[in-house]
Structure formats: C-alpha cells, structure tokens
Amino acid sequence: MGVSVHYLCKSGPKSWITVAAGPDGRVVTGPGVDPRAIGGKMTPGRYRDPGRPPWTTPTEEPVTESGTATGTSYDLVILGGGSGGYAAALRAATLGLSVAVVEKDKVGGTCLHRGCIPTKALLHAAEVADSAREGEQFGVRTTLEGVDMGGVNKYKDGVVDRLFKGLQGQLKARGITVIEGEGRLTSPTTVQVGDTTYTGRNVILASGSYSRSLPGLELDGHRVIASEHALTLDRVPESAVILGGGVIGVEFASAWTSFGTKVTIVEALPRLVPSEDADCSKTLERAFRKRKIAFKTGTPFESVAVTDSGVQVTVAGGEVIEAEVLLVAVGRGPNTTGLGYEEVGVALDRGFVTVDSTLQTSVPGVYAVGDIVPGLQLAHRGFQQGIFVAEHLAGLAPTPIDEAGIPRVTYSEPEVASVGLTEEQAREKYGDVEILNYNLGGNGKSQILKTAGFVKLVRARDGAVVGLHMVGSRVGELIGEAQLIYNWEAYPADVAPLVHAHPTQNEALGEAHLALAGKPLHFHD
C-alpha cells in the first residue's frame with residue numbers, strides 16, 4: 001500500500017504538492033510531478049530547496065513530515081465539524097495534511113442534524129401529503145387520511161442517520177482525528193478541549209451558528225420555538241404564527257400548511273423572502289395566497305403571551321393573533337461567544353469573524369469558514385470555503401469565491417431559486433440592464449406538473465447574464481446550469497444554441513436565453 005509523501009514544488013518556496021509513493025519510496029504519480037521522477041526514489045519530508053529535483057537526496061535536513069500527526073500536533077486543527085469544517089478536513093486530508101476536527105456534538109453540524117437535511121425531508125413528506133390530497137386532478141383517486149408525525153420523524157431521522165454514518169466513515173477512511181468535546185482557541189496554533197491542548201500549524205474556525213431570537217422574546221421549546229424544536233414536534237400544530245418571512249419561515253409555512261396547519265407569517269420587511277428579487281417575492285406571495293397561507297408584511301412583532309392552550313402574538317397596530325405555537329424564524333447568529341477568539345486577537349464585527357480574500361482572520365495562520373463569516377449562511381457556501389482554505393494551505397492557489405455566484409434555493413412550494421444579482425442590484429451596478437421574464441406557461445413539463453412561475457434573466461446591456469431568478473415547483477433542480485451561466489459570464493447567445501432535453505423544466509432556461517438572444521420559441525408573456 002502506498003504512502004503519502006511531500007516535496008517542495010520548484011515553482012516557488014511555499015508551494016507544496018503531495019504525491020504517492022510505494023513502500024520502497026518510488027514515486028508513482030501525483031499532480032505536478034516531473035515525468036522524470038516517476039519510478040524514481042524520493043525521501044519523505046519537506047525540503048527548503050525549491051530548485052532541487054524532488055527525487056534526489058536533499059542537502060538540507062528535512063523538517064517534520066507533513067501528513068503525520070505526532071501526539072496532539074497536526075498540520076491542521078479545525079474547531080467545528082459542520083459543513084465548512086468537515087469539508088475542509090476531507091479536502092485537506094486528501095491533500096496529505098494531518099487533520100484533527102474538534103466537535104462538541106456530532107460531525108455534520110446544524111445542516112445535517114437540525115437544518116438543511118431534516119427540513120428538506122419534512123418538505124418532501126409535505127409534498128407527498130399534497131400529492132395524496134390532490135391526486136384527483138391527475139385522474140388518480142387518492143385521499144389524505146392524515147399525517148402521522150411519528151412516521152414522518154422516523155423517515156426524517158432515518159435519512160439523517162444514514163448520512164451521518166456515511167460522513168463518519170469518510171472521516172475515518174481519510175485518517176482524520178475527530179475529537180469530541182467543546183473546544184476553545186487558546187493561541188494562534190492551539191485549541192484546548194478539556195485538559196488537552198491540540199496544536200496545529202494552522203487553525204480553521206468553523207463553529208457555526210445558532211437560531212436567533214429578538215430582545216425579550218424567550219424560546220421555551222414548547223410554545224415559543226425555533227426551527228430545531230419544530231423539527232422534533234410529535235404532532236402537527238393546529239395553528240402557528242411564524243415570525244420571519246425569510247427562507248426558514250416560508251419553508252416551515254409551506255410544510256405545515258401541507259400537513260393541515262393554519263399558518264400566519266409575520267414579517268417586518270415589506271415582502272416575503274426579502275433578500276430575493278422583487279418579482280420572486282410577488283410570485284411567491286401570490287402562490288401563498290392561493291394556498292391560503294396568511295402573511296402580514298411590513299408588520300413588526302411587538303410581544304407574545306403564552307397561555308394554557310397556545311400563544312397570543314401582538315403585532316404593530318395592536319392586532320393579536322392566537323395560535324398553538326409561535327415559530328421564531330428571524331435568522332441565525334454566529335457561534336463565536338466564549339470560544340477564545342477575541343482573547344487571541346481574532347477581529348469580530350457584530351459577532352461575525354472578519355476575513356480577507358483567502359478567508360484568513362486578523363490573526364495570521366487562523367482561518368474562518370461557514371456561518372461565522374459575514375455573508376450568505378448556506379451549507380454549500382461553507383463546503384466551498386472549507387475546500388478553498390484546505391487548498392490554499394496546500395499551496396494550490398485556488399480562485400477566491402465570488403459570493404454572488406453562490407446559488408440560493410428556498411424549498412417552499414413553489415420553490416425559489418436564484419444566483420447572481422437581483423434586478424435592483426444589477427441596476428445599481430450597471431445602470432442600463434436588460435430584463436426577460438419567461439413564463440413557465442410555455443414549458444411543457446411545468447404544465448404537466450401543474451406549476452406556475454417564471455425564469456427571469458438579468459443582463460448587463462449587451463453583456464453577460466448577471467442574474468438568474470426562478471419560481472416554480474422543483475426549479476431548485478435547475479440552479480446547477482444557472483450558476484454555470486452566471487459564473488462563466490455567459491452571453492444569451494452562448495446558451496441559446498445548447499440543446500435542452502424535452503420535455504424538461506430545464507428547457508425553460510434554454511428558451512429564456514433564446515428569447516433574450518432575439519429568437520424566442522415557446523414564449524408566453
């Protein structure tokens with residue numbers, strides 16, 4: 001079995017490349033390996049002479065070999081095993097670094113155990129409920145007898161458990177040390193867990209986020225709850241007030257409505273999903289009205305009183321809304337308090353860790369990824385940031401992440417999916433822009449699914465497409481091509497010739513670009 005060995009790349013004094021060598025030390029393969037080195041001998045270790053071929057004996061004494069942990073010392077110590085932390089660990093281990101991950105709960109973090117995965121499983125169960133309830137419109141005689149939350153939770157927890165076991169297996173297979181316990185940063189190179197101090201050449205802070213509340217609004221986990229409590233309810237609430245009309249709020253509103261809950265959303269800002277394009281908000285609001293989901297926008301929350309039977313929620317203007325539960329969905333805050341960050345000198349801004357373009361904090365050698373970094377709080381952003389830092393530390397010079405190029409999906413019914421700039425943002429940046437709305441009424445698969453919505457393209461005048469926004473059932477599955485269009489700075493004429501399978505919703509992207517390129521086909525205003 002081969003072993004990982006390291007040599008200093010001749011392109012620069014700080015560029016390291018991992019290659020594979022057999023037990024006899026002979027080079028097998030590896031990125032950037034000089035072909036003359038294949039089959040040759042090389043001594044494991046890090047060498048300070050970038051001009052010397054890697055397969056010859058160095059004249060300098062090698063420093064400690066990377067990829068080998070000594071006691072409690074590692075190349076990389078990661079504080080937090082959520083999306084960003086474990087992605088960094090997996091990529092760094094692949095690149096030959098020795099890695100330790102400190103996690104106080106379970107690897108996978110909020111996303112796997114209390115966020116993305118269980119929430120989307122709940123939403124899928126809600127879709128099944130809708131299908132049973134509405135089967136007759138497709139000529140299938142079905143009825144919905146009810147929702148068994150015990151069965152829903154068993155299904156949801158089964159999905160989480162399988163993914164959790166798979167992740168544990170991945171970490172173990174790559175030789176990553178998982179340290180269970182609450183960690184604290186004690187210096188730029190050390191993390192303390194209990195009475196043990198772990199040392200890393202570099203440290204990544206990936207401590208994640210928590211469910212926010214409002215001043216004076218206390219979560220009791222029973223009547224006044226956060227999303228993690230909502231995911232463990234053993235019943236379907238008869239009624240619910242949801243405080244917050246962002247992603248978390250509208251997703252739970254959608255799921256609970258499908259289960260039979262009477263829902264009212266209270267949002268202080270002027271529209272639902274306020275961070276999305278205004279046209280997306282309008283279309284979602286129209287769909288929610290049709291589904292009889294009540295919402296009050298531009299309406300600040302004032303207070304809540306807990307009663308024996310539920311809650312009484314008072315909003316601006318003095319109106320009182322009664323319900324069985326109040327779900328507080330006003331966003332997530334960074335988990336940075338009491339972890340030693342400020343004491344070590346890590347700069348914070350309103351609790352978030354500030355970083356440079358390489359995700360390095362104000363302390364050299366200490367990096368931060370995921371929800372504690374200002375910006376979109378999305379699992380896939382954390383994944384990519386973790387990968388970026390691992391590759392940066394391995395000397396691979398990865399491309400900095402464009403925040404606008406990160407896809408966003410709200411998994412309500414209908415779904416909202418977007419990437420790039422909203423129309424408002426594009427007008428601020430470019431001034432003159434072109435807008436095209438392709439109605440899903442012209443898309444065959446969307447008609448089969450009985451969904452309404454649109455694909456909206458935002459283009460800098462005579463330039464690239466800088467924003468793509470979609471509303472409709474299952475449009476989240478289209479975001480892959482959409483983010484390629486944005487990130488590759490494609491023009492409408494670049495996308496128009498591409499063949500999109502028929503009948504698919506994916507065709508809607510193709511037809512929208514056909515129309516913006518001046519050759520519309522199945523175009524409906």
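Quick notes on this one:
- Helices (runs of 4 or more DSSP H) contained entirely in segment 77-191, each with at least 1 residues that are in contact with a Cys (Cβ under 6 Å, 6 or more places away or on another chain) and open to solvent by less than 20 Å² (accessible area, probe 1.4 Å): 83-94
- Which numbered condition residue 343 misses (of (1) assigned to a helix (DSSP H, G or I); (2) within 18 Å of the chain's Cα centre (by Cα)): (2)
- Where a residue in segment 273-298 is in contact (Cβ under 8 Å) with a residue 24 or more places away in the chain and its partner, wherever it lies, is assigned to a loop (DSSP other than H, G, I, E, B) and surrounded by fewer than 16 Cβ atoms within 10 Å (Cβ to Cβ), with Cβ under 6 Å and at least six apart: 297/270; 298/270
- Residues that are among the small types (Gly, Ala, Ser) and farther than 21 Å from residue 81 by Cβ within segment 352-373 comprise 357, 362, listed in sequence order.
- Every pair of residues 6+ apart whose Cβ atoms lie under 6 Å, when the first sits in segment 110-138 and is of a type in the set (Lys, Arg) while the second is buried (at least 19 other Cβ atoms within 10 Å of the Cβ) and outside any helix (DSSP H, G or I): 120/411
- For segment 314-326, filtering for residues that are under 13 Å from residue 225 (Cβ atoms) and open to solvent by less than 20 Å² (accessible area, probe 1.4 Å) leaves 3.
- Of all the criteria given as (1) open to solvent by 60 Å² or more (accessible area, probe 1.4 Å); (2) touching a strand residue (DSSP E or B) at 6+ places or on another chain (Cβ under 9 Å); (3) acidic (Asp, Glu), the one not satisfied by residue 251 is (1).
- Qualifying residue in segment 257-264 (condition: surrounded by fewer than 17 Cβ atoms within 10 Å (Cβ to Cβ), touching a helix residue (DSSP H, G or I) at 6+ places or on another chain (Cβ under 9 Å), small (Gly, Ala, Ser) and farther than 24 Å from residue 406 by Cα): yes
- Filtered by the rule that a residue be open to solvent by 30 Å² or more (accessible area, probe 1.4 Å), in a loop (DSSP other than H, G, I, E, B) and either free of Cβ contacts under 8 Å to residues at least 40 places away in the same chain or of a type in the set (A, V, I, L, M, F, W, C) (or both), segment 419-477 gives 431, 432, 449, 452, 461, 462.
- Qualifying residue in segment 205-218 (condition: more than 23 Å from residue 319 (Cβ to Cβ), of a type in the set (Lys, Arg) and open to solvent by 10 Å² or more (accessible area, probe 1.4 Å)): yes
- Applying the condition of being in a helix (DSSP H, G or I) and within 17 Å of residue 445 (Cα to Cα) to segment 482-525 and asking which residue is most open to solvent (accessible area, probe 1.4 Å) yields 506.
- Residue in segment 224-241 that is among the hydroxyl-bearing types (Ser, Thr, Tyr), in contact with a Leu (Cβ under 8 Å, 6 or more places away or on another chain), closer than 16 Å to residue 100 by Cα and buried (at least 16 other Cβ atoms within 10 Å of the Cβ) present: no
The values are calculated or read from the model by the stated rules, or taken from the named source; none is laboratory data. Please read these numbers as outputs of a predicted model, since none were measured by experiment. Glycine also receives a Cβ, built like all others from the backbone with ideal geometry; neighbour counts cover every protein chain displayed. Accessible surface is based on the protein model in full, side chains and every heavy atom, while ligands, DNA and RNA are left aside. Shrake-Rupley method; radii C 1.70, N 1.55, O 1.52, S 1.80 Å.
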